[in-house]
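Chemist: One structure coming up, written as structure tokens, with questions to follow.
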Amino acid sequence: MSGKRYLVIINQLLFLFTAYLTGCVEEVRVPIRTIEPQLVVEGHISNDGPPYTVRLTRSGSFNEPGSSESSAITEAQVYILETSTNQRLHLLPVDEQPGLYQSGDSTFVARVGQSYQVRIELPEEKVFVSEPETMPEAVPVESLTARFTGNTGNVLDTPFGYDIFLNTQDQPGQRNYYRWTANSIIRREAIGVRDFGGVFHKKFCWTPVDDNEIIIYADSYSDGQPIREQYLYRSPVYIVGKHFVEVQQYSLTREAYQYWRRFNEQRQRVGTIFDPIPSPVYGNVYNQADPTERALGLFEVAGVSQKRLVVPGDTLNDALLKVQTLRYVIPGDCRYVFYKGSEVPPQNWLP
Amino acid sequence: MKAKLLLALILLLFSLGSTWARAVLSGTVRDAATKQPLSGVTVSIQELQQGTTTDENGQYTLTLPLGSYTVRFTGVGHYKVTRAIRLMDDTTLDLELLPSITELDELEVKGRRDDANVRSNDMGVVRLNVATLKKIPVVFGETDIVRSLMLQPGVSNVGEGAGGFNVRGGRVDQNLVLLDGAPLFNTSHLLGFFSNLNPDVVQDVTLYKGTIPARYGGRLSSALVMNTRTGSPDRWNVSGGVGTISSRLVVDGPVLGNKLTLMAGARLAYPNLIIKLFPDLFEGSKASFSDLNGKLTYQPNDRHRVALSAYHSADRFKFPADTTYGWKSGTATLRWNAVLSRTLSSEVSLLQSSYEFNVDSPKPFYEFSLRSQIRQREANAGFTFTPREAHKLEAGAGYIHYRLQPGSLRPDGAESSIRPLSIETELGQELSAYIQEEWTLSPSLTLTTGLRYVRFHTLGPYTRYLYEARVPSSPETLTDSISYGRGERVQSYGGWEPRLALRIGLGTNQSLKLSYNRSRQFLHLISNTTAISPVDFWKLSDPFVPPQVADQYSVGLFRNWKDNSIETSIEGYYKDITNLVEYRNGAELLLNPYLETALLSALGKAYGVEFAVNKTKGRLTGSLNYTYSRSLITTRTEFPGEAINRGAWYPTLFDRPHITNLTGSYTLGKGWTGSANFTYTTGRPNTYPDGQYLVNGIPMINYSLRNADRLPDYHRLDMSISHDSRRTRDQTRYSVWVISLYNFYARKNPYSIYFQQFRSYQLSVFGSIIPSVTWNFHY
């Protein structure tokens, strides 16, 4: 809940209101400027151990969506500095994923309370650095709950899922900034492979799923209070089966929280004059020689805690579910048609 | 300091009085139908080419050599009256002007003497005739004072449905909007679609966009001065109107004898009727707005008048199972006008004005209500002294106390996780004194010299946060804080504000005018959206936010043609503004206890040329104006990384270089009048994407240069036809029908262009022809 939230709501309804007055939203073509590609940094360090990664790309032209994906920067020198101890960690490019740099030294473990900075030496001899930031302490997750739901706005995928909610206790007397990510391993069905006897095998398997929504919260207005029923994620349901859910709760610095807040704000534009003014979303990385040149993206320094949940998934009516999700049963060997398919469910999920 | 200055002013006033073979002509001008005093009526002595205008009491004073004269009275929306007098001694000449009716005679639209635009020292002044406003075609038939101003050169806004208005490249919060002397902090209903001023209760509307008289201060761009009607002392009148969005009712008449009169007006809107037509979109949504005006006037004799007026406007917008927004404004004014002698009159006012908004959210576990409020209390006194014809002296002083609660949040219900949070209340006081002399050196040379002194104090209790030097301030770089006690002066700002105007007559129908103006503003509207929104809040100047200061230079050439029936003018201006408040990219403003860390200081400049042609006489009246203007801004910060557009000058959101307005009205006879408006403006600046990238697998649009692009141009034609049932000049029972067609050729003017999934969409408001019928009655 931030000040802008009110505007977002007022904004969306104003949009409907004006849309009614006119019925007048139409696609138009406008002259689009293109500027020099800008550096985009996606870096992350937390206390859950190596490897630590930084991804470097350049922004592309608006008229060519996807052009930025092919603009990975592969020739840079990337370091993470623990500024409080003057340790320096060299990140090496990952050949399979151009633009991704990863730490190779497994003895270097980032710790809460230490200060970290990224240093990026670009091939064109520019040096970008981030503001040093101290890793905040992780806050434990109290509990997770799941609730079956049958309605979704996404018409391209299954309408069913388990909405995952989180409860946690905010730490009193300090500013806490949260970001959550979640993923799950779910059961899927494929048509399978037919053996010589005409029997289908490899029909069922377990596959990981996640989403990339940015879910953040600040305790500015609720310091020390429980965080209740915080929606995190929808684990999709295709067939009856368990859901192995894992949630990461990151404790962010204020700067990182503000970055993600602005990031979300820029995505929530609906077209009225109460929209936030369009602006670039810069993080904490800038050109050391010319601080007016700033990089898009962020080097995030965060403390993290995890929580897992197993949803039994056995209360569902299999027959009813099957009718509506039949179209998601696809031909082939389940292990290969689904990402990282495995016939064995995760073991020892709950510690 | 203030007391001494005031004493000096009064002494100066009395030392100037001397009379030779001269006598004073004075009197009161009233409306013949309502018996209300008329302000702004031009009283001109034909033989001497001299004149004056009536004040807010309808009173005028002229000191003339003894002799015989022809005196002409000209007022907005009234028939001219000419009287012959023989002035041998001090003489009182009271007069009543009949309201003009278009079909009976020529319509007087300008409300000044014929050649006032050439002969008066005014420049950049707009006076609206409220009666003719009702015949202008408008959207949904809602006569709107603020919208009507948009047809004047130099006045614009950021788009259809946006609240407020921008004058000569100034921001919305730089307009001083006065209703019976009390400032309004918000002028909109329904998020900006309508203005919150009921046109039926307003008697006169004057917009000063250039040289603002020295008695007004506190805002940089303009002063919009409106006064409400006074009740009739003779009979009870009922008037009103019924429209598609709202209905209005005004009653006025004598309460006790004819000394005490009452005027009360109300306007109630029913947008829910429209909302209910679209159950899918707005199931459970509710909107409402209303406004109320009241004025009680006690006038024991012609020399004294005491008026108590009040105003209240309220809006509510509720969304189904979601947040309710409410905002309301209120003012109260007690004003005493007195004619102390034939040459001296005074006005003393006590007033209060407030604005607040509420947000109530029922979200489970996070139920809250949020409130923000501003309140201004003011006392002021002013004198007008006219010792002789060549001199008109005004002086006065004022005191303002401000109290602002920028935001206070409290949980609703015991289950809510929201903790109470109150941003520190801001307190301040503003003291001012002014003196202004209008000196007619010769028939072709008039000099107006005004000087205003203003002093502002930020008052405790106040917590001043100290931040680390040499790094951008943020809550992390906070090092310490200093607390100030109740009433303690935290910070002072102020200084002299000269107001100068010079008129040089170039022959009988042509003049050149020059003016210079400085003003300061201690109150800032904190808003980081394209249009101001109801949840924007106000902020006082404090140690981090110095007052905005503007210097405006203007020059104008005025010429009348064909017996003053055609007026032409060219005005140019240049404005320099310092200490504008700007916002860091993505700044969080509401409920931010460290608001100063979200703000940037900026410089502004605005310049333009306004061409206008008005035809004021005949069956066809109208005006054509064209404005070329620019409005630019640049942020100034010692940390280059946080400058907007890397510190370069960029256009403001309301920078619209080319604006043309054409308005016309043709009297068809038998009560019928046809009117049309055409308006064309350059599209407002906007920020289009100039790149895209991926973060966390999410495609992002990059907007790296603020306001570097523009929406397509805006143009629109409106037509209306009205019928007035009056057959004679003094008929009191009549009705007026207005049928209007807004956006006649149904242009889909862009309201905004936005981008989703790498496609661009245009949203148009009122993108089709909007017909409406309004019925106004007078009984």
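Chemist: Taking only C-alpha pairs under 8 Å that are 6+ residues apart, what is the relative contact order of segment B:640-703 in percent?
Modeler: RCO, segment B:640-703: 26 percent.
Chemist: Now, a different point. Work the Kirkwood hydrodynamic radius out for segment B:351-464: mean of 1/r over every pair of different alpha-carbon atoms, inverted, in Å. Can you show the working numbers first?
Modeler: Values: mean 1/r = 0.0555 Å⁻¹.
Taking the inverse mean of 1/r over all distinct Cα pairs, segment B:351-464 comes out at 18.0 Å.
Chemist: Give me, ordered by chain and number, the residues 5 or more places off B:Asn702 or on other chains with an amide H under 5 Å from its own placed amide H.
Modeler: B:Asp690, B:Gly691, B:Gln692, B:Tyr693
Chemist: Give the calculated FRET efficiency between A:Phe204 and A:Asn167 to the nearest 0.05, with a Förster radius of 30 Å applied to their Cβ-Cβ distance.
Modeler: 0.40
Chemist: Moving on to the next point. Which lysines have a Cα lying under 28 Å from the Cα of A:Lys202, excluding residues fewer than 8 positions away in the same chain?
Modeler: A:Lys202 reaches A:Lys242, A:Lys322, A:Lys340.
Chemist: Per-residue ellipticity at 222 nm for chain A, helices alone: DSSP H runs ≥ 4 residues times -39500 (n - 2.57), over residue total, nearest 500 deg cm²/dmol?
Modeler: Helix contribution divided over all residues of chain A: -4000 deg cm²/dmol.
Chemist: Between B:Trp775 and B:Ile570, with labels modelled 7 Å along Cα→Cβ, what's the label distance in nm to one decimal, could you check?
Modeler: 5.1
Chemist: Points 7 angstrom from Cα along the Cβ direction at A:Arg147 and A:Gln288: gap in nanometres?
Modeler: For A:Arg147 paired with A:Gln288, the spin-label model returns 5.1 nm.
Chemist: Convert each backbone phi in segment A:96-107 into a coupling constant with the Karplus relation 6.51 cos²θ - 1.76 cosθ + 1.60 (shift: θ = phi - 60°), then list the ³J(HN,Hα) values in order as whole Hz, x for Gly and Pro.
Modeler: Using θ = phi - 60°, the values come out as 6, 10, x, x, 8, 10, 9, 6, x, 7, 7, 7 Hz.
Chemist: Between helix B:2-15 and chain B, what is the angle of the helix's C-alpha long axis to the longest principal axis, kept within 0 to 90° and rounded to the nearest 10?
Modeler: The answer is roughly 20 degrees.
Chemist: Can I ask one more? Looking at the P(r) of segment B:678-734, how many percent of alpha-carbon pairs lie beyond 14 Å?
Modeler: I get 74 percent for the Cα pairs in segment B:678-734 exceeding 14 Å.
Chemist: Here's a follow-up. Report the trypsin sites (Lys or Arg not before Pro) located in segment B:466-536 that are in a DSSP loop and have at most 11 other Cβ atoms inside 10 Å of their Cβ, or state none.
Modeler: Working: sites: B:Arg470, B:Arg486, B:Arg489, B:Arg499, B:Arg503, B:Lys513, B:Arg518, B:Arg520; in loops: B:Arg470, B:Arg486.
Of the trypsin sites (Lys or Arg not before Pro), the ones in loops of segment B:466-536 whose Cβ has at most 11 other Cβ atoms within 10 Å are B:Arg470, B:Arg486.
Chemist: If the cut-off is a Cα-Cα distance under 21 Å, which lysines reach B:Lys286, setting aside same-chain residues fewer than 8 apart in sequence?
Modeler: B:Lys276, B:Lys318, B:Lys328, B:Lys363
Chemist: Please pull out the direction-averaged projected area of segment B:645-749, using the convex hull of its alpha-carbon atoms, in nm² to one decimal place.
Modeler: Averaged projected hull area, Cα only: 11.8 nm².
Chemist: Could you derive backbone 3J(HN,Hα) for segment B:225-239 from the dihedral phi with the Karplus parameters 6.51, -1.76 and 1.60 (θ = phi - 60°), listing whole Hz in sequence and x where the residue is Gly or Pro?
Modeler: 10, 10, 10, 8, 5, 9, x, 6, x, 9, 8, 7, 10, 10, 9
Chemist: Looking only at segment B:348-391, which residues have a backbone nitrogen under 17 Å from a spot 7 Å from the Cα of B:Trp439 in the C-beta direction?
Modeler: B:385-391
Chemist: Name the helices (complete DSSP H segments) of chain A with a Cα length along the long axis of 24 Å or more and a Kyte-Doolittle mean of at least 0.5, or state none.
Modeler: Sorted by number, the helices that extend far enough and score high enough are A:3-22.
Chemist: Hey, another quick one. Ratio of chain B's C-alpha Rg to 2.2 N^0.38 Å, to two decimals?
Modeler: Values: Rg = 26.5 Å, N = 779, 2.2 N^0.38 = 27.6 Å.
Cα-based Rg divided by the globular estimate yields 0.96.
Chemist: When averaged across all projection directions, what area in nm² does the alpha-carbon convex hull of segment B:320-396 cover? Display every interim value, and only then the final one.
Modeler: Numbers: hull surface 30.5 nm².
That works out to 7.6 nm², a quarter of the Cα hull's surface.
Chemist: Taking the inverse of the average 1/r across all pairs of different Cα atoms in segment B:415-500, what Kirkwood radius in Å do you get?
Modeler: Final number for the Kirkwood radius of segment B:415-500 is 17.3 Å.
Chemist: Enumerate the amide H contacts of B:Gln36 below 5 Å, restricted to partners 5 or more residues apart or on another chain; note that Pro and chain-start residues carry no placed amide H.
Modeler: Excluding prolines and chain starts, which carry no amide H, the hits are B:Asp31.
Chemist: With contacts defined as alpha carbon pairs under 8 Å and 6 or more residues apart, what's the relative contact order of chain B in percent?
Modeler: Values: 2231 pairs, mean separation 85.1, N = 779.
About 11 percent, as a whole number.
Chemist: If I take the Cα coordinates of segment B:499-592 and project them onto the principal axes, what are the three extents in Å, biggest first?
Modeler: 60, 26, 19
Chemist: Over all Cα pairs of chain A, how is the pair count split among 20 Å bins, expressed in % and running from 0 up to the last occupied bin?
Modeler: 23, 53, 22, 1
Chemist: Which lysines does B:Lys670 reach when only Cα atoms under 21 Å apart count, and residues fewer than 8 places away in its own chain are ignored?
Modeler: Correct list for B:Lys670: B:Lys134, B:Lys135, B:Lys617.
Chemist: What is the set of long-range amide H partners of A:Ile227 at a cut-off below 5 Å, with H atoms built 1.01 Å from backbone N?
Modeler: Residues meeting the amide H criterion: A:Thr168, A:Gln169, A:Asp170.
Chemist: Also, quick follow-up: ³J(HN,Hα) across segment B:143-152 via Karplus (A = 6.51, B = -1.76, C = 1.60, θ = phi - 60°), whole Hz, x for Gly/Pro?
Modeler: Along segment B:143-152, the couplings run 4, 9, 5, 5, 4, 5, 5, 5, 7, 8 Hz.
Chemist: Between A:Lys126 and A:Ile191, what FRET efficiency comes out of the Förster formula 1/(1 + (r/R0)^6) with R0 = 45 Å and r the beta carbon distance, rounded to 0.05?
Modeler: About 0.25, to the nearest 0.05.
Chemist: Also: Rounded, prolate or oblate: which one fits segment B:49-204, using the alpha carbon gyration tensor with axes a ≥ b ≥ c (rounded when a/c is under 1.5, else prolate when a/b beats b/c, else oblate)?
Modeler: prolate
Chemist: Taking C-beta distances below 4.7 angstrom as the pairing criterion, name the unpartnered cysteines of the protein assembly as shown, in sequence order.
Modeler: Here A:Cys24 come out as lacking a disulfide-compatible partner, given the Cβ-Cβ threshold of under 4.7 Å.
Chemist: Also, I was wondering about something else. Is the shape of segment B:131-194 best called rounded, prolate or oblate, per the rule: a/c under 1.5 gives rounded, else a/b larger than b/c gives prolate, else oblate, with a ≥ b ≥ c the square roots of the Cα gyration tensor eigenvalues? Walk me through the intermediate numbers first.
Modeler: On the way: a/c = 1.42, a/b = 1.29, b/c = 1.10.
Taking the square roots of the gyration eigenvalues as a ≥ b ≥ c, segment B:131-194 is rounded.
Chemist: Taking 0.36 nm per residue of sequence separation and subtracting the Cα-Cα distance, how much length would be gained by fully extending the chain between B:Ile504 and B:Val242, in nm to one decimal?
Modeler: Numbers: separation 262, 0.36 × 262 = 94.32 nm, distance 4.84 nm.
Difference between extended and current length: 89.5 nm.
Chemist: For A:Glu36 and B:His658, what does the FRET efficiency come to when R0 = 22 Å and r is the distance between their Cβ atoms, rounded to the nearest 0.05?
Modeler: It comes out at approximately 0.10.
Chemist: For the protein assembly as shown, max minus min Cα coordinate along each principal axis, in Å, sorted largest first?
Modeler: For the protein assembly as shown, the Cα spread along each principal axis is 125, 60, 54 Å.
None of the figures in this text is laboratory data; all of them are computed from the coordinates on show. Model, not experiment: these values are computed from the prediction. Virtual Cβ from ideal backbone geometry, glycine too; neighbours counted across all protein chains shown.
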